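Taking it in order: structure first as structure tokens, then the write-up.
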């Protein structure tokens, strides 16, 4: 869909009366998103928060820097509607460059960091099946629908304080 097509349809979404997030593009820093948000601002359309997907590497700091850039650019709260560690080059789960320990360590470090960012209003870990070649090690549930070690950590994580956007 082109930016102009999305902008033409946007007023229909505004009539719903619920908080309205931006489109969630593969890369929220790409030209499509920049053009879309520029037109939103020029036309006075409503975007209440920026939706972000993140399937980058293990660098928590890399993700935090990206979120900081987005917040500074758009000056809106951020909802991370999908994130996980993925290896898009893996031919199988076994060939993934991310071990289960890597993914768990990333989650242990990133969740408290996200909680400390006032402008991150929401986040949701993306859980694929354990057999997914790119995301299998990031699964929250096993093939019998039981929580994985990662899933148990995510389910038991306690936010340290209430966010201003709650």
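The values are calculated or read from the model by the stated rules, or taken from the named source; none is laboratory data. As the structure is a prediction and not an experimental result, all values here were calculated from the model. Cβ placement follows ideal geometry from the backbone for every residue including glycine, while neighbour counts extend to all protein chains displayed.
Things worth noting here:
- Between 70, 117, 104, the distinction of being within 16 Å of the chain's Cα centre (by Cα), under 30 Å from residue 152 (Cα atoms), touching a residue at least 40 places away in the same chain (Cβ under 8 Å) and outside any strand (DSSP E or B) belongs to 117 only.
Per-residue answers, yes or no, for (1) closer than 15 Å to residue 58 by Cα; (2) touching a helix residue (DSSP H, G or I) at 6+ places or on another chain (Cβ under 7 Å):
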{"site": "92", "(1), (2)": "no, no"}
{"site": "100", "(1), (2)": "yes, yes"}
{"site": "113", "(1), (2)": "yes, yes"}
{"site": "116", "(1), (2)": "no, no"}
{"site": "122", "(1), (2)": "no, no"}
{"site": "133", "(1), (2)": "no, yes"}
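- Members of segment 87-100 that are surrounded by 15 or more Cβ atoms within 10 Å (Cβ to Cβ) and in a loop (DSSP other than H, G, I, E, B): 87, 90, 96, 98
- Some residue of segment 27-50 being within 18 Å of the chain's Cα centre (by Cα), within 23 Å of residue 97 (Cβ to Cβ) and either buried (at least 16 other Cβ atoms within 10 Å of the Cβ) or modelled with pLDDT under 95 (or both): yes
- Restricting attention to segment 51-65 and to residues that are touching a helix residue (DSSP H, G or I) at 6+ places or on another chain (Cβ under 7 Å) and either in contact (Cβ under 8 Å) with a residue 60 or more places away in the chain or farther than 16 Å from residue 23 by Cβ (or both), the residue that is surrounded by the most Cβ atoms within 10 Å (Cβ to Cβ) turns out to be 63.
- Single residue of segment 66-86 satisfying the filter (touching a helix residue (DSSP H, G or I) at 6+ places or on another chain (Cβ under 8 Å) and within 17 Å of residue 129 (Cα to Cα)) that is surrounded by the most Cβ atoms within 10 Å (Cβ to Cβ): 85
- Any hit, segment 140-151, residues being crowded, with 17+ Cβ neighbours inside 10 Å and either part of a strand (DSSP E or B) or on the phi > 0 side of the Ramachandran plot (or both): no
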